[in-house]
Every structure is written in structure tokens, then in C-alpha cells.
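All remarks here apply to the structure that follows.
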Amino acid sequence: DKLADYVARHYANSDQGTLPLLAKMLALPLRLPHREAAESPQRQREQILAILLARLNALAAKQPTLLIIEDLHWADPSTLELLAMFVGQERATPMLTVLTARPEFQRPWSKATVRMLPLGGLGAEETTGIVKAVAPRIGPDLVHRIVQRADGIPLFAEEMARDLVAGVD
């Protein structure tokens, strides 16, 4: 019922097949009068991707939008296909898209359409700042050890400091 209300509000111009497709994607049961689509699974998948892409564009048409997707190196093939469609389309809506991935990630879209900004790890001073912010009571020796082990990876430094604090408290 919540999905049906959402579709009625946000997909007012959609066809009758939108709700069954979104329900299928979310593994929700359908209630009468809605019925599952009769198309092939591949066609249903294509329609779901088109619905999601249209929703992204509709959001950006209402107001400037920021889309952030992190760790693309762990993304499933359907997500990568959706992003390839998204990146490849002509867009007149204001949307800034920030995608993060490890250097070994092979993106499925043209390199010419995306500006890459390789980022290195944090320096010792920045990493020390993170550790001290998360665990202000630990001594300088432990801070130094965490900074060395984190190797400039902010989340790793933060988690090690947080684990240390949790073990002390």
C-alpha cells in the first residue's frame, strides 16, 4: 500500500506497469488489482532500469541534486548498468554526481564523459587529527601507531580509534 501511494504521488504520469515492476524489484507481494508484468525477465529488468533513471532525472528537474555513490568496486552488475545509462544520457538538469572507487575499478562507461580525480591517502597530520577527534584521551604513542597502520585511509584510522576507545570504556 505504501509503495502504491508513493507511485501514485511520484509517478503520476507512469503506466500501469510501474507499480508491479517496482514491487518486483523490492521483492514485495502484489495485491489485486495489480498483476505481475507478462514481459520477459530481461524486458522487466530494462523497464526497471528505465524507471529508476527517470526518477533520478525527475528529482534533478525539481531542484539541483547531488548523487553520491561510494565504493563502486563493490557494485553489482545492475547498478553499474544503471550508472552507465545515467552517465551516457544527455541531461539538461542540474545534477552533480560523485562516484568513488578504488584505482583498479574498471568503469563501464566512456572515459571521455567522466572527469577523474585520483585521490591519495591522507597525510600523517590529517590522520592524526581524525584519531584525536575520535579518541581524544589516548596517548601519543597509540595515536602514532594508529596513524602508521592506517596508511592514510581515513575510515580505517577512525575505526581503529573507535575500537580502541570502545575497548577502554
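What angle do you read, to the nearest 10 degrees and between 0 and 90, between the alpha-carbon axis of helix 41-62 and the longest principal axis of the chain?
Between the helix axis and the principal axis of the chain, the angle is about 70 degrees.
Taking Cα centroids, how far is segment 33-48 from segment 97-169 in Å?
Each part's Cα centre sits 42 Å from the other's.
Cut-off under 18 Å on the C-alpha distance; same-chain residues fewer than 8 positions from K132 excluded. Which aspartates and glutamates are left, in chain and number order?
Within the straight-line limit of under 18 Å, K132 reaches these aspartates and glutamates: D141, D151, E158, E159, D163, D169.
Give me D for the chain in µm² s⁻¹, whole number, from Stokes-Einstein with Rh from the Kirkwood sum over alpha-carbon pairs, 25 °C and 0.890 mPa s. All intermediate terms of the calculation are to be shown ahead of the outcome.
Values: Rh = 19.8 Å.
Translational diffusion coefficient: 124 µm²/s.
With the convex hull built on the Cα atoms of segment 1-52, state its orientation-averaged projected area in nm².
On the way: hull surface 13.7 nm².
Directional mean of the projected Cα hull area for segment 1-52 stands at 3.4 nm².
Taking the 0 to 90 degree range and rounding to the nearest ten, how far is the long axis of helix 124-134 tilted relative to the main principal axis of the chain, both from C-alpha atoms?
80 degrees
Counting every Cα pair in segment 42-137, what percent are over 21 Å apart? Walk me through the intermediate numbers first.
Values: 2183 of 4560 pairs.
Roughly 48 percent, rounded to a whole number.
Read-outs throughout are calculated quantities, based only on the coordinates presented, and are distinct from any laboratory measurement. The structure presented is a predicted model; accordingly, all values stated were derived computationally and were not measured.
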